[in-house]
Amino acid sequence: MRFTYAEAMTDPSFYVPLAKAAEEAGYTSMSVADSVVYPRDSDSTYPYTADGDREFLEDKPFIETFILIAALGAVTTRLRFTPFVLKLPIRPPVLVAKQAASIAALTGGRLGLGVGLSPWPEDFQALGVPWERRGKRMDEAIDILRGLSSGGYFEFHGEHYDVPALKITPAEPFPILVGGHSEPALRRAVVRGDGWMHAGGDDLDGLLGRLNDIRKQEGKAGDPFEVHVISMDAYTPDGVKRLEDKGVTDVIVGFRMPYAKGPDTQPLAKKIENLERFAETVIAKVGP
């Protein structure tokens with residue numbers, strides 16, 4: 001089992017010391033959240049809170065995902081970084097391919113690119129991208145990331161993107177991890193991705209079962225595949241073993257409620273204490 005430390009919406013000055021502490025404590029990865037804008041007016045609901053409330057996001061600091069990963073990659077040597085998740089279809093995929101390949105090259109391959117659909121129509125509107133057909137746009141964007149990061153000239157002619165033959169340098173490949181709980185998201189993770197990222201909440205066993213069914217249907221049951229999950233089982237050695245038995249490869253753990261409204265008041269020292277205690281009580285007991 002591999003362990004991902006999750007921290008977001010906190011004092012931006014905390015991220016560098018937290019990344020250093022997580023690497024020293026034995027975590028495999030650190031997740032990096034993605035949020036571009038917060039609209040004043042919105043009828044949208046957040047899919048991963050019980051009542052759909054989105055107000056916990058207001059006034060929370062979000063450093064742009066690739067910029068934060070570059071900063072953290074520069075002060076670590078082993079820690080992997082997994083966007084959780086990058087809102088891919090609101091961005092130009094050729095630019096994302098360039099950004100991700102650059103990060104992968106600078107960090108020695110320490111990027112697992114988590115991608116997903118934004119739940120906010122306002123994100124699409126703010127960046128001049130149609131909300132309609134966003135799933136198809138996502139599929140095409142993933143194909144473009146894969147093609148451009150593989151090296152050599154690549155061209156793509158689809159419904160939403162038309163890319164003439166071109167290449168990027170460095171063309172550093174990176175795993176693509178697809179987030180989401182819907183049937184299209186699970187199928188996208190299997191067919192186009194290298195893994196799946198669970199956002200918590202929903203019936204994990206049911207989602208894992210459906211994911212395995214799709215992998216069998218697509219003839220990929222034996223292929224390498226990352227499964228990143230949020231689960232209370234991740235907080236005990238016995239629970240980690242249960243998750244391993246279900247095919248989970250990575251657990252995402254955090255030590256405060258991310259959906260609380262208002263500023264994060266937890267001190268840096270307490271955050272480091274929490275991540276180190278977990279490393280001592282769980283990671284050290286189930287590690288290789």
Problem set entry | From phi via Karplus (6.51, -1.76, 1.60), per-residue ³J(HN,Hα) for segment 92-109 in Hz, x at Gly/Pro | x, x, 5, 5, 4, 4, 5, 5, 5, 5, 5, 4, 4, 5, 5, 9, x, x
For this session: Pop a pseudo-label 7 angstrom from the Cα along the beta-carbon direction at both Ser13 and Gln217 and give the gap in nm to one decimal.
Result: 5.2
Seminar exercise, completed: Of every hundred units of 1.4 Å-probe accessible area on the chain, the number belonging to carbon and sulfur atoms, as a percent, is 54
Problem set entry | Spatial extent of segment 1-89: Rg and Dmax, with the Cα atoms as the point set, Å | 14.4, 43
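Given +1 on the Cβ of Lys and Arg, -1 on the Cβ of Asp and Glu, and no further charges, what dipole in debye does segment 1-136 carry about its Cα centre, rounded to the nearest 20?
Using Cβ point charges on Lys, Arg, Asp and Glu, segment 1-136 gives about 840 debye.
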For this session: Using only alpha carbon positions, build the gyration tensor of segment 55-98, then give the equivalent ellipsoid semi-axes as the square roots of 5 times its eigenvalues, largest first, whole angstrom.
Result: 20, 18, 9
Exercise. For Gly254, which sequence-distant residues (separation of 5 or more, or a different chain) have an amide H within less than 5 Å of its own amide H, given hydrogens modelled in the peptide plane?
Worked result: Ala6
Exercise. Between segment 27-72 and segment 86-136, how many Å separate their Cα centres?
Worked result: 14
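Using packing as a proxy for protection, rank 100-108, 5-13, 40-48 so that the peptide with the highest average count of other Cβ atoms within 10 Å comes first.
100-108, 5-13, 40-48
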For this session: Within segment 152-250, report the GluC sites (Glu not before Pro) that DSSP leaves as loop and that have at most 12 other Cβ atoms within 10 Å.
Result: Glu159, Glu218
Exercise. Lysine pairs in the chain with alpha-carbon atoms under 24 Å apart, 8 or more places apart or on different chains: how many are there?
Worked result: 27
For this session: Would you work out which of Ser13, Ile69, Tyr38 lies farthest towards the positive end of the dipole of segment 1-70? Charges go on Cβ: Lys and Arg +1, Asp and Glu -1.
Result: Ile69
Problem set entry | Within segment 76-193: Cβ-based charge dipole about Cα centre, in debye rounded to nearest 20 (Lys, Arg +1; Asp, Glu -1) | 420
Exercise. Amide H neighbours of Leu177 under 5 Å, counting only residues 5+ apart in sequence or on other chains, H built in-plane at 1.01 Å?
Worked result: Leu113, Gly114, Val115, Asp194
For this session: List, in order, the whole-Hz ³J(HN,Hα) value for each residue of segment 48-63 obtained from phi through the Karplus relation with A = 6.51, B = -1.76, C = 1.60 and θ = phi - 60°; use x for Gly and Pro.
Result: 10, 10, 4, 9, x, 5, 10, 5, 4, 7, 5, 6, 7, x, 10, 7
Exercise. Under a point-charge model restricted to the Cβ atoms of Lys and Arg (+1) and Asp and Glu (-1), what is the dipole moment magnitude of the chain relative to its Cα centre, in debye to the nearest 20?
Worked result: 640
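The values are calculated or read from the model by the stated rules, or taken from the named source; none is laboratory data. Fair warning: this is a prediction, and the values are worked out from it, not measured in the lab. Because the Cβ atoms are built from the backbone with ideal geometry, glycine has one as well, and the counts that use them run over all protein chains shown. Surface accessibility is based on the protein's heavy atoms, side chains included, excluding ligands, DNA and RNA. Shrake-Rupley method; radii C 1.70, N 1.55, O 1.52, S 1.80 Å.
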